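Notes follow once the structure below has been shown.
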Amino acid sequence: QAQLAESGGGLVQPGGSLRLSCAASESIRASYIKVMGWYRQAPGKQRERIADITKGGSAYYAESVKGRFTISRDNTKNTLRAVTLQMDNLNPEETAVYYCNAHLTYSVAEHDYWGQGTQVTVSS
């Protein structure tokens, strides 16, 4: 069972929209999840952080996606287990594999979980 289950990738035309979803499995203790978000990696490029949201609801967006992408979280009180990324006005340069990330902290330890990645292709 994947510990982070991603869905929503696919092919979209320039200017179009896609919604990505990510949910952490029950094997991950939700109380330890402090931040969940999305990264992407285009061919030949480094993986880049694009958006994430904290357990308290504070959101981060990379400059390149501000105003076009919106991240939201599940409404379960005091826990963070799922996030959704709404992507609007996509352009071909955003073709990449998109990865969900969950950052956990417990005591002095930290751990990151990664999803398997979902392909987003922006092309006419």
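The values are calculated or read from the model by the stated rules, or taken from the named source; none is laboratory data. Every value quoted in this text rests on a predicted model; they were computed, and no experiment measured them. Please note that ligands, DNA and RNA were not included when accessible areas were found on the heavy atoms of the full protein model with its side chains. Shrake-Rupley method; radii C 1.70, N 1.55, O 1.52, S 1.80 Å.
Each residue of the range 54-66 was assigned a 3J(HN,Hα) from its phi angle through the Karplus curve 6.51 cos²θ - 1.76 cosθ + 1.60 (θ = phi - 60°); the sequence is 8, 4, x, x, 7, 10, 10, 9, 5, 4, 5, 10, 4 Hz, with glycine and proline shown as x. Relative to its Kirkwood radius, the Cα radius of gyration of the range 15-79 gives an Rg/Rh of 0.99.
The string of couplings for the range 20-27 from the Karplus curve (6.51, -1.76, 1.60, θ = phi - 60°) is 9, 10, 8, 9, 7, 6, 5, 6 Hz, one whole number per residue in order, with x for Gly and Pro. When the chain is treated as a Gaussian network with alpha carbon springs shorter than 10 Å, the biggest mean-square fluctuation among Ala30, Ala62, Ala109 belongs to Ala109. Full extension of the chain between Gln86 and Gln3 gives 27.7 nm of extra length, using 0.36 nm per residue less the Cα-Cα distance. By a 1.4 Å probe calculation restricted to protein chains, Leu18 has an accessible surface near 30 Å², given to the nearest 10. Using the alpha carbons alone, the radius of gyration of the chain stands to its Kirkwood radius in an Rg to Rh ratio of 0.97. Under the criterion of Cα pairs below 8 Å and six or more residues apart, the relative contact order for the range 1-60 equals 24 percent. Backbone phi angles across the range 36-52, fed through the Karplus curve with coefficients 6.51, -1.76 and 1.60 (θ = phi - 60°), yield HN-Hα couplings of 10, x, 10, 10, 9, 9, 8, x, x, 10, 6, 5, 10, 7, 10, 6, 8 Hz in residue order; Gly and Pro are listed as x.
Order the following by accessible area, largest value first: Ser124, Ser25. Probe radius 1.4 Å; ligands, DNA and RNA are ignored. All intermediate terms of the calculation are to be shown ahead of the outcome.
Numbers: Ser124 125, Ser25 10 Å².
Sorted descending by solvent-accessible area, the residues read Ser124, Ser25.
The residues of the chain present an accessible area of 54 Å² per residue when probed at 1.4 Å with all protein chains retained. Computed on the chain, with alpha-carbon pairs under 8 angstrom and 6+ residues apart, the relative contact order is 35 percent.
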